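Trainee: Following this message is one structure expressed as structure tokens.
The values are calculated or read from the model by the stated rules, or taken from the named source; none is laboratory data. Predicted model only: the values in this text are computed from it and were never measured. Here the Cβ is made from the backbone with ideal geometry for all residues, glycine too, and neighbour counts use every protein chain on show. In case anyone asks, the SASA skips ligands and DNA or RNA and just uses the protein heavy atoms, side chains included. Shrake-Rupley method; radii C 1.70, N 1.55, O 1.52, S 1.80 Å.
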Amino acid sequence: MRHIFFSVFLLGLGGGAVLGLYVLIRRALGLFSLKHERLLSLLGSLGILALVVALDGLLGVGTLAILFLLLFSLGASLVRWGIHVLFPGKSRRSWRYLYRLSLIPLLCTALLLGYGYRNMTNPVCTSYTVTTEKDIPREGYRVALLSDLHYGSILEADTLQEVCREISQAQVDLVILCGDVVDESTGLSQLRQVFSILGDIESRYGIYYVYGNHDRATYTDSPGFTQEELTGAITENGIRILRDEAVEIGTGLVLIGREDRSAPARLSLEQLTEQVDGSRFLLLADHQPRELAEKARAGIDLQVSGHTHGGQIFPLGYISLFLGLNEMNYGLRSIDGMTAIVTSGLAGWGFPIRTQARSEYVIVEILPR
């Protein structure tokens, strides 16, 4: 069923792109009074889409650029209509060439793609402070959160090494890798490289890892690594995997690492928390920001998540919230006494573009009140 839906989606995407390009090309050719205008427009639209697919695939940045161009062109048409209504006569002459050649939509598309590429490839550090009445050391805890690297598709080794150096210099107490470090596009050499780099992060209490929905490469029939190779690459670099497990960190802090909700079976919240001391600060790492109210009732003090990419391509983040796919898209929220933090992630999936949220790693200060 998944393959049928995906095929129908691709056909619809391709058909819509051809139709939109046909309209834009025919509009431009209308300036020159050429013969066979319709045929030329159809051949041009099919040729452009074929070239984009050959160079980057149907779900590549080229198709994304076409969609942005069509959206900006629609906006330009609405603006032109408004000007024509408000200022009849001159508006047609002044807008004729700009409008028919789609010069303004082309410029806007280029600027947006440049902005999105910068957001994706230049990660920043985002800091949060969480306070608690529970008995933790006076100096508190400093936690680094990394998620959604999707290594092998966009993120470069040099960028990741620089981020890891910055985290080490921040003298963090522990590091949480909150899922989707690798995905279906990751090869075996890339798998070993990313965990080797991450394993070099210096921290007081170590590096902990929870699975995301992509790490096991379950969305492909031909993954670039086996599950044994994935586990080996993680543990051989001194990173501890938490699958529905709790571990005591220092004094007064318990880290609970939850299996991803995409896994066939995972423990319930009650099973996760019944074996831990609720008087301690309970920090839950769960890749997907779901069931937040239930976790608050279960006594969790702080949940950290990724998964959403902060939306990545506007307005997908808001659409996912509307459809109930996620309960949070990005940032910090207080829910019935629990704090939830969702990071946009260090990279993204599919496109090397971010038009919603910026690539980041997160530093969380947990301090006594």
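Trainee: Just to check your reading of the model, which residue among L67, L74 is out of contact with any Leu (no Cβ under 6 Å at 6 or more places or on another chain) and within 26 Å of R358 (Cα to Cα)? Before you say what the answer is, go through the steps one by one.
Mentor: Details: L74 fails: within 26 Å of R358 (Cα to Cα).
So the residue among L67, L74 that is out of contact with any Leu (no Cβ under 6 Å at 6 or more places or on another chain) and within 26 Å of R358 (Cα to Cα) is L67.
Trainee: Restricting to segment 334-369, name every residue that is in a loop (DSSP other than H, G, I, E, B), open to solvent by 10 Å² or more (accessible area, probe 1.4 Å) and either among the hydroxyl-bearing types (S, T, Y) or at pLDDT 95 or above (or both).
Mentor: Here is the first cut: in segment 334-369, the ones in a loop (DSSP other than H, G, I, E, B) are 336-337, 343-355, 357-359, 369.
In the following step, the residues that additionally are open to solvent by 10 Å² or more (accessible area, probe 1.4 Å) were identified as 336-337, 349-352, 355, 357-358, 369.
Of everything in segment 334-369, just one residue is in a loop (DSSP other than H, G, I, E, B), open to solvent by 10 Å² or more (accessible area, probe 1.4 Å) and either among the hydroxyl-bearing types (S, T, Y) or at pLDDT 95 or above (or both), namely T355.
Trainee: Name the residues in segment 214-251 that are without any contact (Cβ under 8 Å) to a residue 40 or more places away in the chain and under 30 Å from K134 (Cβ atoms), would you?
Mentor: Answer for segment 214-251, where residues must be without any contact (Cβ under 8 Å) to a residue 40 or more places away in the chain and under 30 Å from K134 (Cβ atoms): G238, R240, I241, R243, D244, E245, A246, V247, E248.
Trainee: Now, a different point. In segment 171-200, what residues are out of contact with any Leu (no Cβ under 8 Å at 6 or more places or on another chain), open to solvent by 10 Å² or more (accessible area, probe 1.4 Å) and hydrophobic (A, V, I, L, M, F, W, C)?
Mentor: If we filter segment 171-200 for residues that are out of contact with any Leu (no Cβ under 8 Å at 6 or more places or on another chain), which is where we start, we get 171-173, 179, 183-190, 192-193, 195-196, 199-200.
Restricting the remaining residues to those that are open to solvent by 10 Å² or more (accessible area, probe 1.4 Å) gives 171, 173, 184-185, 187-190, 192-193, 196, 199-200.
Correct list: L188 only.
Trainee: Sticking with this one: So which helices (runs of 4 or more DSSP H) stay within segment 223-327 end to end and still have 2 or more residues that are open to solvent by less than 30 Å² (accessible area, probe 1.4 Å) and closer than 30 Å to R369 by Cα? First the steps, then the outcome.
Mentor: On the way: elements: 227-235, 269-273, 292-297, 316-322.
Because the criterion is at least 2 residues that are open to solvent by less than 30 Å² (accessible area, probe 1.4 Å) and closer than 30 Å to R369 by Cα, the helices (runs of 4 or more DSSP H) in segment 223-327 that meet it are 269-273, 292-297.
Trainee: Of all residues in segment 138-170, how many are touching a strand residue (DSSP E or B) at 6+ places or on another chain (Cβ under 9 Å), farther than 18 Å from G199 by Cβ, part of a loop (DSSP other than H, G, I, E, B) and open to solvent by less than 30 Å² (accessible area, probe 1.4 Å)?
Mentor: Number of matching residues: 2.
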